[in-house]
Amino acid sequence: MRTLGLGCGQPGGSAEILLTAALRAAGDARLVRLTDLETDDDLWWLWELLVECDGLIVSTPIMTRTIAARLKSVIDRLLGPNADAAIIEHLVAARRDGSEPAVPFRVDERVLKPRVAGFLAVGGSLTPQWKTLALPLLHTVAFSMHIAVVDQVVFGGAGTPRSILLDAAAIERAARLGANVASQLGVAFDDARYLGEPGLCPMCHLSVVELAGTGVTCATCGSAGELADGGTIRWTDLSSSVLSMAEKRAHALEIQQTAAAHGHRRAEIDARAAEFGTFEHVVRP
């Protein structure tokens with residue numbers, strides 16, 4: 001079983017140093033630098049590595065509270081419906097029954113194999129508010145493929161090149177993350193054990209929430225709950241989390257139903273689009 005590391009920062013930088021420590025502890029592992037990906041063919045080369053791996057470790061520098069732009073680009077271009085476990089599950093079942101769905105996405109059954117992941121994020125700030133969105137957005141790497149996140153950690157104080165090397169505890173913690181990922185290769189999503197620091201949400205183990213009166217929603221994954229006495233959260237619906245297959249399946253059905261409804265009105269959509277034409281004042285560099 002093999003672990004794949006995605007390096008999202010500069011080669012040899014703090015994020016890659018942490019990733020190297022994790023991958024060395026993980027055993028049989030390979031590192032891909034996103035800086036080496038230039039074309040669509042390179043993206044599909046990366047896709048092959050993703051669907052073949054059993055473990056995934058992603059390490060990113062923190063940019064303006066969030067993840068590196070090159071990682072966002074890979075997520076948007078590669079990890080949409082084609083990587084969605086519920087959509088692939090539905091398409092495989094439909095084709096086995098001899099039918100075609102309303103939206104025939106690309107089908108790769110390798111998406112459905114069990115995988116586990118670990119996330120590393122490193123920034124320069126010592127205060128938490130400059131790092132808040134890094135781990136929540138890293139989860140968008142994993143939830144489509146239904147990858148179980150077994151460890152995740154944010155580091156700070158590394159605001160100059162390679163300065164994470166001054167933090168021996170950070171290097172040790174990254175190595176422990178790699179070992180944690182390796183310890184659960186091949187384990188199914190529901191059986192994977194979370195080994196990182198605890199958070200408020202029992203699904204994603206993070207603590208970024210939305211409040212609506214006494215209603216609480218995990219901003220990372222969508223688990224639902226209510227504020228209880230003393231300011232604690234009573235989680236009432238974990239099936240609403242996008243990490244759950246129940247929510248993924250509901251979303252896949254919604255996509256198919258929406259596409260079918262739009263299909264009956266395609267002529268109307270095209271006619272309305274013709275009324276817009278092209279905006280007259282497009283500017284280009």
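The values are calculated or read from the model by the stated rules, or taken from the named source; none is laboratory data. Everything numeric in this text was worked out from a predicted model, so none of it was measured. So basically every Cβ, Gly included, is an ideal-geometry build from the backbone, and we count neighbours across all protein chains shown.
Quick notes on this structure:
- Residue match in the range 50-57 (condition: surrounded by fewer than 17 Cβ atoms within 10 Å (Cβ to Cβ), outside any strand (DSSP E or B), modelled with pLDDT under 95 and out of contact with any Ser or Thr (no Cβ under 7 Å at 6 or more places or on another chain)): no
- Residues that are under 17 Å from Val154 (Cβ atoms), touching a helix residue (DSSP H, G or I) at 6+ places or on another chain (Cβ under 6 Å), part of a helix (DSSP H, G or I) and of a type in the set (Gly, Ala, Ser), drawn from the range 1-40: Ser14, Ala21, Ala22
- Subset tally (residues that are within 19 Å of Leu49 (Cβ to Cβ) and among the polar types (S, T, N, Q)) for the range 12-32: 1
- Those strands (runs of 3 or more DSSP E) lying entirely in the range 178-250 with at least 3 residues touching a Ser or Thr at 6+ places or on another chain (Cβ under 6 Å): 224-227
- Selection within the range 108-132 - within 17 Å of Val74 (Cβ to Cβ) and part of a loop (DSSP other than H, G, I, E, B): Asp108, Arg115
- Selection from the range 59-107 of residues that are in a helix (DSSP H, G or I) and in contact with a Cys (Cβ under 7 Å, 6 or more places away or on another chain): Arg70, Leu71
- Residue count for the range 214-247, restricted to those that are in contact (Cβ under 8 Å) with a residue 60 or more places away in the chain and either surrounded by fewer than 15 Cβ atoms within 10 Å (Cβ to Cβ) or not small (Gly, Ala, Ser) (or both): 5
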